[in-house]
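Have a look at the structure below before the remarks.
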Amino acid sequence: MDVLDDLLAGTRARGGVFNLTIMDPPWALDIRDQAQLALATLVRGSAWVTRAGIEPLRMEEGDVAIFNGPEPYVVADAPGTEPQLRIHPGGVCEPLPGAPIDYSARLGVRTYGGRVEGAAMVVSGTYQLEGDVSRRLLSALPSVLVVPAADLAGHVMAMVLGEIQRDEPGQQSVLDRWLDLALITTLRGWFARPESHAPGWYRAQSDPVVGLALRLLHEDPAYPWSVVELADRTGVSRASLARRFSGLVGEAPMAYLTGWRIALAADLLRETTDTVEAIARRVGYANAFALSVAFKRLRGTSPTAHRRAVAA
């Protein structure tokens with residue numbers, strides 16, 4: 001298992017909300033779905049994406065944008081075009097003042113807009129994410145990123161139009177899995193681009209030594225790892241491993257392992273009723289006291305207090 005696999009394992013779509021919006025110029029879609037992570041692709045036409053704090057970004061047909069965080073954003077034919085439709089949490093579509101009267105009509109399952117033959121066709125899907133493992137992935141992404149169609153697996157994007165307008169048994173699961181696959185292909189395309197400033201853990205996976213060390217830590221985080229053992233497993237000296245790992249990942253091997261163990265423990269505290277003692281052993285600590293010391297050092301709170309806080 002590589003690092004991206006591990007992070008994506010905690011970022012699976014469950015009950016994702018989807019919209020297909022079809023509009024004619026001048027058009028703009030104001031999206032306020034409050035999702036922690038959202039994805040949009042242009043099935044037809046071209047557009048500009050605007051969001052507070054960033055310069056407008058251009059999208060062409062087949063391009064995919066990922067939106068990190070719950071802040072609203074606008075997809076429009078031009079920067080400054082007044083929105084005609086607003087998307088609320090749950091995929092609720094609200095026609096705005098000044099919109100053509102037929103924009104209030106629903107064109108089909110999960111579909112809104114003016115007419116089926118409209119010049120622009122935008123598909124959006126959302127994730128509602130919780131947990132520390134997911135946040136480790138989100139922290140590596142900008143507020144908005146756009147990946148050109150040429151850098152994506154085209155068939156993945158092409159299949160959504162037929163699926164999003166269906167209403168068949170199991171359709172939500174089909175769409176959720178499409179959203180997962182689209183996210184993976186888009187992230188791989190993004191991290192491969194020079195302007196992405198891909199995080200150290202992603203770049204390091206191509207290194208034969210550090211990449212192997214990362215895989216070992218992620219495959220068995222509960223193992224009593226040491227720099228000496230990692231060096232033996234990767235076939236280099238302790239000093240060489242420490243130097244290469246810190247240079248590529250940005251932190252020492254044991255510091256990285258501690259952060260990963262604490263992220264796993266935080267999610268287990270959120271998602272299970274296991275005791276702190278049991279969770280400690282699952283993530284590589286000898287007992288609850290050892291986990292509590294490390295947890296409080298990194299998070300400023302105890303595992304028990306963390307569990308109470310997320311439950312509240």
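The values are calculated or read from the model by the stated rules, or taken from the named source; none is laboratory data. Computed from a predicted model, the values in this text were never measured in an experiment. Cβ sites come from the backbone with ideal geometry, for glycine too, and all protein chains shown count toward neighbours. These accessible areas exclude ligands, DNA and RNA; they are computed on the full protein's heavy atoms, side chains included. Shrake-Rupley method; radii C 1.70, N 1.55, O 1.52, S 1.80 Å.
For the stretch 160-203, what is the Kirkwood hydrodynamic radius in Å, using each pair of distinct C-alpha atoms? Can you show the working numbers first?
Values: mean 1/r = 0.0816 Å⁻¹.
Radius from the Kirkwood sum: 12.3 Å.
Classify the stretch 168-312: rounded, prolate or oblate, from the alpha-carbon gyration tensor (a ≥ b ≥ c, eigenvalue square roots; a/c under 1.5 rounded; otherwise prolate if a/b is larger than b/c)? Oblate is the answer for the stretch 168-312, as a/c is 1.5 or above yet b/c matches or exceeds a/b. Within the chain, the selection of entire DSSP H helices by a Cα span of 20 Å or greater along the long axis and an average Kyte-Doolittle value of at least -1.0 returns 171-191, 253-271. Once the Cα-Cα distance is subtracted from the 0.36 nm per residue extended length, the residue 58 to residue 246 segment shows a gain of 64.1 nm. Calculated [222 nm] ellipticity per residue, helices only, for the chain: -12000 deg cm²/dmol; basis is -39500 (n - 2.57) per DSSP H run with n ≥ 4, divided by all residues, nearest 500.
Contact order for the chain, expressed relative to its length and based on alpha carbon pairs under 8 Å spaced 6+ residues apart, stands at 19 percent. The stretch between residue 223 and residue 139, if pulled fully straight at 0.36 nm per residue, gains 27.6 nm over its current Cα-Cα span. Here the accessible area of the chain is 54 percent carbon and sulfur, with a 1.4 angstrom probe and all protein chains present. Inter-label distance, residue 197 to residue 298: 2.4 nm, where each label sits 7 Å from its Cα along the C-beta direction. For the set 256, 223, solvent exposure ranked by accessible area (probe 1.4 Å, protein chains only) runs largest to smallest as 223, 256.
When nucleic acids and ligands are ignored and a 1.4 Å probe is applied, residue 88 ends up with an accessible area of around 60 Å². Please identify the longest segment of the chain free of exposed trypsin sites (Lys or Arg not before Pro), where exposed means a DSSP state other than H, G, I, E or B and no more than 13 other Cβ atoms within 10 Å. That gives 15-165 as the longest site-free run.
For the stretch 189-312, the solvent-accessible area with a 1.4 angstrom probe is 49 square angstrom per residue.
Please state the shape class of the stretch 92-249: rounded when a/c is under 1.5, otherwise prolate if a/b exceeds b/c and oblate if not, all from the C-alpha gyration tensor. It comes out prolate by the Cα gyration axes.
Model label points for residue 166 and residue 233, set 7 angstrom from Cα along the Cα-to-Cβ axis, are 4.2 nm apart.
Taking label points 7 Å from Cα along the Cα-to-Cβ direction, residue 34 and residue 96 give a separation of 1.9 nm.
Please compute the length gained on full extension between residue 151 and residue 14, using 0.36 nm multiplied by the number of residues separating them and subtracting their Cα-Cα distance.
Numbers: separation 137, 0.36 × 137 = 49.32 nm, distance 2.62 nm.
Here the segment from residue 151 to residue 14 would lengthen by 46.7 nm.
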